[in-house]
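The values are calculated or read from the model by the stated rules, or taken from the named source; none is laboratory data. What you see is a predicted model, and the numbers here were worked out from it, not measured in a lab. Glycine also receives a Cβ, built like all others from the backbone with ideal geometry; neighbour counts cover every protein chain displayed.
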Amino acid sequence: MEIIRFEHVTKSFGDQRVLDDFSLAVNEGEILTVIGRSGCGKTTMLKMINGLEMPDSGKVYVEGEEVGSTDLTALRRRIGYVIQNKGLFPHMTVEKNITYVPVISGKKNKKENRQTALRLLELVGLDASMLDRYPSELSGGQQQRVGIARALAAETKLLLMDEPFGALDEITKRSMQKEVLNLQKKLQMTIVFITHDIREAMRLGNRVLVMEQGRIAQLDTPEMIRSHPADDFVRELTGTEEEPH
Ligand SMILES: Nc1ncnc2c1ncn2[C@@H]1O[C@H](COP(=O)(O)OP(=O)(O)OP(=O)(O)O)[C@@H](O)[C@H]1O
Ligand SMILES: [Mg+2]
């Protein structure tokens, strides 16, 4: 079953075409990792899934509904979204940030919410003492992890992650990658995951989408991308080129 569908989507900013006749189907329960050079359109593509950007032409569907044809706020509540270094509410404590979506969705039990926040903090490897701090009192990597906890608290079936582990050290990153794999298995989430880290893309993705200038250079399993890169660009990007002897 597919959960996201792009049909012939085109998007330009001024004269610059950022997505060019872009079509894609994401299957329910898969992790799709997205790689490609800076500026190739990855974030723009991701933002079209929750209606933060709209196509100039073509259509995007989430669970069969065309994005923009129904209430965007309701759609966004069903979609977790993690962006690098941004997105926390600066005037809210860590706890309030994490439980934001459950609270606006009607979960008002303070004790339960605190428990949820604590459980998720632990999951992302942060200390309970962080709960009452404000984002400005955390390091970049800690903020990032709070952002991940907040997205998980919403318990959405669909999670969009835009370079979520970019600011994390290798060890934390490894354990967060494991956590993503566990969660995906446990909750059958669908995750679209943008990264500049090719190894991360290959490790996490059931399929890897390689983008080049607003188009799909290749969409395939990590194994196939490694063994059968579609062209020189994919080969170079994924480092599958044979080392010269
Ligand atoms: N709101 C905007 N207005 C004008 N240009 C934009 C806007 N958003 C993105 N762009 C341009 O569109 C192109 C694609 O941007 P996008 O953020 O999708 O790239 P990306 O693949 O995510 O890059 P990176 O890997 O650096 O995050 C870039 O050239 C960017 O400058
Ligand atoms: Mg980006």
Checklist entry - If K111 passes every condition in (1) under 23 Å from the mean Cα position of the chain (by Cα); (2) assigned to a helix (DSSP H, G or I) but one, which one does it miss? => result (1)
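I'd like the full set of residues that are part of a helix (DSSP H, G or I), touching a residue at least 60 places away in the same chain (Cβ under 8 Å) and among the basic types (K, R), limited to segment 139-167.
Of all residues in segment 139-167, those part of a helix (DSSP H, G or I) come to 140-153.
Filter once more, so that each one left must be touching a residue at least 60 places away in the same chain (Cβ under 8 Å): 144, 147-148, 150-152.
Scanning segment 139-167 gives a single hit, R150.
Would you pick out the residues in segment 52-70 that are within 14 Å of ligand 1 (Cβ to nearest atom) and either crowded, with 17+ Cβ neighbours inside 10 Å or of a type in the set (A, V, I, L, M, F, W, C) (or both)?
So the first thing to find is which residues in segment 52-70 are within 14 Å of ligand 1 (Cβ to nearest atom), and the list is 52-56.
Those that are within 14 Å of ligand 1 (Cβ to nearest atom) and either crowded, with 17+ Cβ neighbours inside 10 Å or of a type in the set (A, V, I, L, M, F, W, C) (or both): L52, E53, M54, P55.
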Checklist entry - Among the listed residues S136, S175, which satisfies the condition of being of a type in the set (S, T, Y), touching a residue at least 40 places away in the same chain (Cβ under 8 Å), surrounded by fewer than 19 Cβ atoms within 10 Å (Cβ to Cβ) and under 24 Å from P102 (Cα atoms)? => result S136
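For segment 12-27, does any single residue satisfy the condition of being closer than 24 Å to Q188 by Cβ, in contact with a Leu (Cβ under 6 Å, 6 or more places away or on another chain) and buried (at least 18 other Cβ atoms within 10 Å of the Cβ)?
Start the filter on segment 12-27 by keeping residues that are closer than 24 Å to Q188 by Cβ, which leaves 24-27.
Then keep just the ones that are in contact with a Leu (Cβ under 6 Å, 6 or more places away or on another chain); that gives 26.
Of the ones still in play, those that are also buried (at least 18 other Cβ atoms within 10 Å of the Cβ) are 26.
Checked segment 12-27: at least one residue is closer than 24 Å to Q188 by Cβ, in contact with a Leu (Cβ under 6 Å, 6 or more places away or on another chain) and buried (at least 18 other Cβ atoms within 10 Å of the Cβ).
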Next on the checklist: Residues that are outside any helix (DSSP H, G or I), over 23 Å from A117 (Cα atoms) and at pLDDT 95 or above: does segment 174-192 have at least one?
Outcome noted: yes
Next on the checklist: Consider segment 71-107. How many of its residues are under 17 Å from P135 (Cβ atoms), exposed (fewer than 14 other Cβ atoms within 10 Å of the Cβ) and at pLDDT 90 or above?
Outcome noted: 3
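Looking only at segment 11-26, count every residue that is more than 10 Å from ligand 1 (Cβ to nearest atom), farther than 20 Å from A217 by Cβ and part of a strand (DSSP E or B) and tell me the total.
The first filter runs over segment 11-26 and keeps only residues more than 10 Å from ligand 1 (Cβ to nearest atom), leaving 15, 20-26.
Narrowing the set further to residues that are farther than 20 Å from A217 by Cβ leaves 15.
Still in the running and part of a strand (DSSP E or B): none.
Qualifying residue count, segment 11-26: 0.
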Checklist entry - Assuming M48 fulfils every condition listed in (1) modelled with pLDDT under 95; (2) part of a helix (DSSP H, G or I) apart from one, which condition is it? => result (1)
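When the residues of segment 25-62 are narrowed to those that are acidic (D, E) and within 16 Å of the chain's Cα centre (by Cα), which ends up nearest to ligand 2 (Cβ to nearest atom)?
Let us first name the residues in segment 25-62 that are acidic (D, E), namely 28, 30, 53, 56.
Remaining after also requiring within 16 Å of the chain's Cα centre (by Cα): 28, 30, 53.
Numbers: E28: 24, E30: 21, E53: 12 Å.
Top of the filtered list is E53.
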Checklist entry - Within segment 186-214, how many residues are within 16 Å of ligand 2 (Cβ to nearest atom), more than 22 Å from K173 (Cβ to Cβ) and surrounded by fewer than 22 Cβ atoms within 10 Å (Cβ to Cβ)? => result 2
